[in-house]
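Take a look at the structure set out below.
The values are calculated or read from the model by the stated rules, or taken from the named source; none is laboratory data. This is a predicted model, so every value here is computed, not measured. All Cβ positions, even for glycine, are placed from backbone atoms using ideal geometry, and neighbour counts span all protein chains on display.
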Amino acid sequence: MADRRDFLKASLLGASTLALAGQAEATVSAAGKGDSGARVISTWDFGVAANQAAWAVLDKGGHALDAVEAGVMVPEADLKNHSVGRAGYPDRDGHVTLDASIMDADGSCGAVAALEHIAHPIQVARRVMENTPHVLLVGDGALQFALEQGFTKEELLTPQSEQAWKEWLKSAHYQPSINSEVRDYGKTGMPGGKDNHDTIGMLAIDANGRLAGACTTSGMAWKMRGRVGDSPIIGAGLYVDGEVGAATSTGVGEEVIRNAGSFLVVELMRQGRTPQQACQEAVMRIVKKRPNASKDLQVGFLAMNRHGEVGAFAIQPGFSYAVCDARRQDGLLPSKSAF
């Protein structure tokens, strides 16, 4: 009986995957004739403002790497954003720890994880890439490096974030969950509110066809001290290959890490999938492996190939992404989803 149930479950999943495949079309096509070809995309609604900062670089003929760094610094500095940067919610011990990664088209990359007291981890990640032989620095070592590079040590726990943490301590319940929808403390331990997202991932292609990407987050609220998600892991939260394309992720980082998600999306594009098809196939692989948990999880992928074509797909509805180019300055689009 168990074998028969497993067979039926696999058959239904396969059928749903095929049905979804029929819907999969590139949401944003390549740039039109006469356009520079430059484009920047990013996750969530706060990506609109981030894209504007990145576009200010791209519109002047700047490098995609400079654009994504400048772009994600906007939500890192936003005191209303409690999932990225200096206003991020703390871990269960009250420490705000930040993760970030940055990657260029030639495979150059840098990242920091569990970094405290530095408001712009993406800048430190770029310094790791350019000024060290390493890819990833973590914790106290990452902070030491940042201070040696001239960054200023700051207290990142804002009064609002501290108050939210103290409210959470009353129940101290924690469960990684969808955090792009309204939730309450009692059920999941995650803070409520329609703007409670988790990560900004940004991908850009410049007028010279150069790709780059960046990803930055404060991670899950009330996480265990030392927990690191997918955002600073090259190949999980971010991956860029100048010959193929780039991808980034959002949602429950553990699931992305288990599947090397962003690398998978890029490799699927290498095999001929469109960005939309690649994101969908990567999501459905997670759903297949976690059929009992998938309805309680959110993972989304956003991708762009070397021609500037864009695609996105998520497990749950609610994931949106922002697009900015010569024709579209503040576009916010909904992603298709498995459920």
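Table: residues versus (1) of a type in the set (Lys, Arg); (2) surrounded by 20 or more Cβ atoms within 10 Å (Cβ to Cβ); (3) at pLDDT 95 or above.
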residue	(1), (2), (3)
270	yes, no, yes
276	no, yes, yes
284	no, yes, yes
293	no, no, no
309	no, yes, yes
316	no, yes, no
Item to check | Counted residues, the range 285-329 - those being among the aliphatic types (A, V, I, L, M) and either without any contact (Cβ under 8 Å) to a residue 24 or more places away in the chain or touching a Cys at 6+ places or on another chain (Cβ under 6 Å) (or both) | outcome: 3
Checklist outcome for this item: Taking the range 250-274 and keeping only residues that are closer than 19 Å to residue 220 by Cα and in contact (Cβ under 8 Å) with a residue 60 or more places away in the chain, one is left with 250, 251, 252, 254
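With farther than 19 Å from residue 145 by Cβ, surrounded by fewer than 24 Cβ atoms within 10 Å (Cβ to Cβ) and either of a type in the set (A, V, I, L, M) or in contact with a helix residue (DSSP H, G or I) (Cβ under 8 Å, 6 or more places away or on another chain) (or both) as the only criterion, which of 57, 72, 84, 68 stands out?
Details: 72 fails: surrounded by fewer than 24 Cβ atoms within 10 Å (Cβ to Cβ); 84 fails: surrounded by fewer than 24 Cβ atoms within 10 Å (Cβ to Cβ); 68 fails: surrounded by fewer than 24 Cβ atoms within 10 Å (Cβ to Cβ).
Residue meeting the stated conditions: 57.
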Checklist entry - In this structure, does residue 303 turn out to be under 30 Å from residue 137 (Cβ atoms) and crowded, with 24+ Cβ neighbours inside 10 Å? => result yes
Item to check | Matching residues in the range 148-176 - criterion: being within 23 Å of residue 79 (Cα to Cα), of a type in the set (A, V, I, L, M, F, W, C) and either in contact with a strand residue (DSSP E or B) (Cβ under 6 Å, 6 or more places away or on another chain) or surrounded by fewer than 14 Cβ atoms within 10 Å (Cβ to Cβ) (or both) | outcome: 169
Checklist outcome for this item: Filtering the range 142-166 down to residues that are of a type in the set (A, V, I, L, M) and assigned to a helix (DSSP H, G or I) yields 142, 143, 146, 147, 164
Checklist entry - Among the residues of the range 229-251, is there at least one that is under 21 Å from residue 50 (Cβ atoms) and more than 15 Å from the chain's Cα centre (by Cα)? => result yes
Next on the checklist: Can you tell me which of (1) under 13 Å from residue 200 (Cβ atoms); (2) at pLDDT 95 or above is the one residue 82 doesn't meet?
Outcome noted: (2)
Checklist entry - Can you find even one residue in the range 88-97 that is more than 30 Å from residue 243 (Cα to Cα), touching a helix residue (DSSP H, G or I) at 6+ places or on another chain (Cβ under 7 Å) and basic (Lys, Arg)? => result no
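When you check residue 132 against the structure, is it hydroxyl-bearing (Ser, Thr, Tyr), within 22 Å of residue 237 (Cβ to Cβ) and out of contact with any strand residue (DSSP E or B) (no Cβ under 7 Å at 6 or more places or on another chain), yes or no?
Working: hydroxyl-bearing (Ser, Thr, Tyr): yes; within 22 Å of residue 237 (Cβ to Cβ): yes; out of contact with any strand residue (DSSP E or B) (no Cβ under 7 Å at 6 or more places or on another chain): yes.
When the stated conditions are applied, residue 132 passes them.
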